[in-house]
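Undergrad: Quick one: this structure, given as structure tokens, is what I'll be asking you about.
The values are calculated or read from the model by the stated rules, or taken from the named source; none is laboratory data. On a predicted model such as this, the values are computed, not experimentally measured, just so you know. Reconstructed Cβ throughout: ideal geometry from the backbone, glycine too, with neighbour counts over all protein chains shown.
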Amino acid sequence: MPIATPQTATLPTAPGVGYKAQHYSEIIADARPVQWLEIHAENYMGDGGRPLAQLRHLAERFPISVHGVGLSIGGETPLDREHLARLKHLCDGLNPASFSEHLAWSSHDSAFLNDLLPLPYTDATLSRVADHIDQVQDSLGRRMLLENPSSYLAFAESTWSEPDFLRELTRRTGCGLLLDVNNVFVSATNLGFDPRGYVDAFPLDAVGEIHLGGHDADQDDHGAPLLIDSHGAPIADPVWTLLDHVLAHSGPRPVLVEWDNDVPAWPVLADEARRAEKALARLNPALRAAS
Amino acid sequence: MTGLVDDFLPALMDPDRPVPAGLQDGLGRPAGRRFNVYRNNVTVSLIDALMQGFPAVVKLLGAEYFAAIARVFVQDNPPQSRLMMHYGAGFPAFLETVPALARLGYVGDVARLELALRRSYHAADAEPLDPALLGAIAPDDLPATRFTLAPALMLIRSDWPIHAIWAFNMIPGSPAPQVQGQAQDVLITRPDFDPVAQPLPPGGSTFVAALIAGASLGTAHDAGLAETADFDPTTILGLLIAGGALTGLNTETTP
């Protein structure tokens with residue numbers, strides 16, 4: 001008999017979307033097929049006003065995933081205790097179904113760069129990130145999910161593959177993972193590896209959530225394709241195909257559509273979520289039952 | 001780990017610096033312009049944040065020129081907070097140092113007004129005072145009455161007609177401002193969730209500033225009168241009440 005823990009809610013294995021305030025009325029009226037919402041934690045760290053009032057209202061109706069973008073878990077400097085306290089305050093008040101952050105750094109000393117910056121995959125980075133994850137999980141009193149980044153370059157000094165690095169982090173800290181399928185496709189294209197091979201090496205058992213988003217296309221100095229994780233476009237077809245490959249191996253998971261820039265009208269976003277719903281429905285019943 | 005901060009961070013903020021060593025593509029060749037993706041992400045996201053935060057200044061300068069000015073600010077002033085809702089606190093003062101903007105003397109104060117609107121939007125909630133309680137104050141007790149004010153209440157003082165300039169750019173149908181027009185102090189209240197900016201009559205901002213500082217109604221009234229002989233506090237109290245800005249009162253005389 002499992003013992004109830006403070007984190008009672010979990011995300012449904014159904015489509016969710018990244019919440020945008022301009023969709024508030026439509027979501028309240030009829031969110032189908034969307035069953036859960038993800039918020040960027042830092043946008044709800046003001047003292048009051050409409051953002052928090054809307055969030056309270058939504059949290060009464062939908063499971064909420066709190067997704068941090070500013071903790072800088074991969075940073076060389078210690079985690080910002082004040083920011084950690086703000087995250088705890090938000091999570092304690094909301095009791096979200098999930099909390100996640102990124103394998104990235106975004107600040108150093110007092111400067112915050114508002115972007116998810118890359119890390120070399122070395123033993124030193126591994127120890128530091130593991131310590132930071134321990135600290136986050138201890139502070140929040142909940143398990144967190146860590147998201148794979150989109151990469152535009154690699155560090156010569158890296159000694160770990162990204163899937164192995166993430167697997168080792170789950171082993172050391174007990175954290176779960178957030179698999180961003182678009183990020184896998186973007187990184188694979190940019191660094192010339194096979195996205196399916198990455199997925200096959202990924203510890204899918206630890207995946208508590210899947211992200212999908214749109215990307216833009218550019219070129220590097222040699223004319224090679226350079227994809228940019230823009231979250232400002234429809235999800236590309238090869239990313240949907242890769243999602244099928246992931247789900248076939250992982251079983252059903254909560255699947256989130258992210259669209260943060262050039263945010264479309266609600267029906268466009270709902271259609272993307274419907275496509276994710278179909279991908280989940282295509283899984284054979286035996287696999288669905290097994291998860 | 002070497003290089004992450006020593007090389008990566010300065011190169012990120014300064015496009016004239018070389019791409020740090022040890023960064024490569026999938027074939028081990030130098031990363032080259034791949035590094036610019038991060039440079040662009042940082043710079044563009046910060047410029048976008050300023051554009052969202054200062055829409056009236058964007059209209060005054062034009063989007064392209066605003067972006068060029070913002071780029072200079074961003075390079076020297078990366079955010080000091082992880083909460084982007086606070087970004088740009090130093091932007092109004094920065095605008096006043098840009099020589100090319102000297103002829104737009106009001107632009108800094110318009111930016112201050114927009115910053116105050118943003119602060120008001122995110123300020124803590126507070127329950128407005130029951131109007132019945134206000135009506136129940138005995139006339140003799142009025143001068144000694146002190147108010148607690150809503151955290152969303154903001155006051156901007158300016159030597160320029162900033163409310164007219166701001167409204168002309170942000171509220172469709174507003175009349176064209178007279179740049180040589182009367183200086184305007186602006187009161188911001190938040191009746192529910194949307195901040196409302198209103199110009200104050202002469203003496204008004206002195207009166208509100210006194211109330212914010214904790215002065216009694218009588219003292220604040222005197223301060224307004226000292227500035228303008230025909231100062232009438234009732235209009236301004238009306239704005240404060242309608243804006244939900246009075247949240248508590250105390251009629252006891254403090255020693």
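Undergrad: Between A:68, A:18, A:75, A:48, which is modelled with pLDDT under 95 and either crowded, with 17+ Cβ neighbours inside 10 Å or of a type in the set (Ser, Thr, Tyr) (or both)? If you could, list the steps in order and put the result at the bottom.
TA: Numbers: A:68 fails: modelled with pLDDT under 95; A:18 fails: modelled with pLDDT under 95; A:48 fails: modelled with pLDDT under 95.
Of the residues listed, the single one that is modelled with pLDDT under 95 and either crowded, with 17+ Cβ neighbours inside 10 Å or of a type in the set (Ser, Thr, Tyr) (or both) is A:75.
Undergrad: Additional query: Do you know which of the residues in region B:187-234 that are surrounded by fewer than 20 Cβ atoms within 10 Å (Cβ to Cβ) and charged (D, E, K, R) is nearest to the chain's Cα centre (by Cα)?
TA: B:194
Undergrad: Select from region A:221-237 the residues that are over 15 Å from residue A:192 (Cβ atoms) and not in a loop (DSSP other than H, G, I, E, B) and list them in ascending order.
TA: Correct list: A:228, A:237.
Undergrad: Please count how many residues of region A:196-255 are within 14 Å of another protein chain (Cβ to nearest Cβ) and within 19 Å of residue A:15 (Cβ to Cβ).
TA: Summing the residues that are within 14 Å of another protein chain (Cβ to nearest Cβ) and within 19 Å of residue A:15 (Cβ to Cβ) in region A:196-255 gives 1.
Undergrad: Just wondering, is there one or more residues in region A:163-175 that are of a type outside the set (A, V, I, L, M), outside any strand (DSSP E or B), within 22 Å of residue A:130 (Cβ to Cβ) and in contact with an Asp or Glu (Cβ under 7 Å, 6 or more places away or on another chain)? Walk me through how you get there before you give the answer.
TA: Step one: list which residues in region A:163-175 are of a type outside the set (A, V, I, L, M), which gives A:163-165, A:167-168, A:170-175.
In the following step, the residues that additionally are outside any strand (DSSP E or B) were identified as A:163-165, A:167-168, A:170-175.
When the remaining residues are screened for being within 22 Å of residue A:130 (Cβ to Cβ), the result is A:163-165, A:167-168, A:170-175.
Adding the requirement that they be in contact with an Asp or Glu (Cβ under 7 Å, 6 or more places away or on another chain) leaves A:173.
Yes, region A:163-175 contains at least one residue that is of a type outside the set (A, V, I, L, M), outside any strand (DSSP E or B), within 22 Å of residue A:130 (Cβ to Cβ) and in contact with an Asp or Glu (Cβ under 7 Å, 6 or more places away or on another chain).
Undergrad: Let me ask you something else. Suppose we keep only residues that are more than 10 Å from every other protein chain (Cβ to nearest Cβ) and over 21 Å from residue A:277 (Cα atoms) within region A:184-195. Which one would you say is nearest to the chain's Cα centre (by Cα)?
TA: Within region A:184-195, the match that is nearest to the chain's Cα centre (by Cα) is A:186.
Undergrad: Give the residue that is nearest to the chain's Cα centre (by Cα), with candidates limited to residues of region B:1-56 that are assigned to a helix (DSSP H, G or I), more than 10 Å from chain A (Cβ to nearest Cβ) and within 30 Å of residue B:109 (Cβ to Cβ).
TA: So, considering only residues that are assigned to a helix (DSSP H, G or I), more than 10 Å from chain A (Cβ to nearest Cβ) and within 30 Å of residue B:109 (Cβ to Cβ), the one nearest to the chain's Cα centre (by Cα) is B:53.
Undergrad: What pairs come up if the first residue lies in region A:112-138 and is at the interface with chain B (Cβ under 8 Å from one of its Cβ atoms), the second is of a type in the set (Lys, Arg), and their beta carbons are under 6 Å apart, counting only those six or more places apart or on different chains?
TA: The qualifying pairs are A:112/B:82.
Undergrad: Would you check which residues across region B:88-106 are in contact with a Phe, Trp or Tyr (Cβ under 9 Å, 6 or more places away or on another chain) and either within 14 Å of another protein chain (Cβ to nearest Cβ) or not in a loop (DSSP other than H, G, I, E, B) (or both) and list them?
TA: B:88, B:90, B:91, B:92, B:94, B:95, B:100
Undergrad: So, in region B:63-86, of the ones that are assigned to a loop (DSSP other than H, G, I, E, B) and facing chain A (nearest Cβ under 9 Å), which residue ends up farthest from residue A:46 (Cα to Cα)?
TA: B:78
Conditions (1) in a loop (DSSP other than H, G, I, E, B); (2) within 14 Å of another protein chain (Cβ to nearest Cβ); (3) modelled with pLDDT of 95 or more, marked per residue:
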position: B:117; (1), (2), (3): no, yes, yes
position: B:142; (1), (2), (3): no, no, no
position: B:151; (1), (2), (3): yes, yes, yes
position: B:158; (1), (2), (3): yes, no, yes
position: B:194; (1), (2), (3): yes, yes, yes
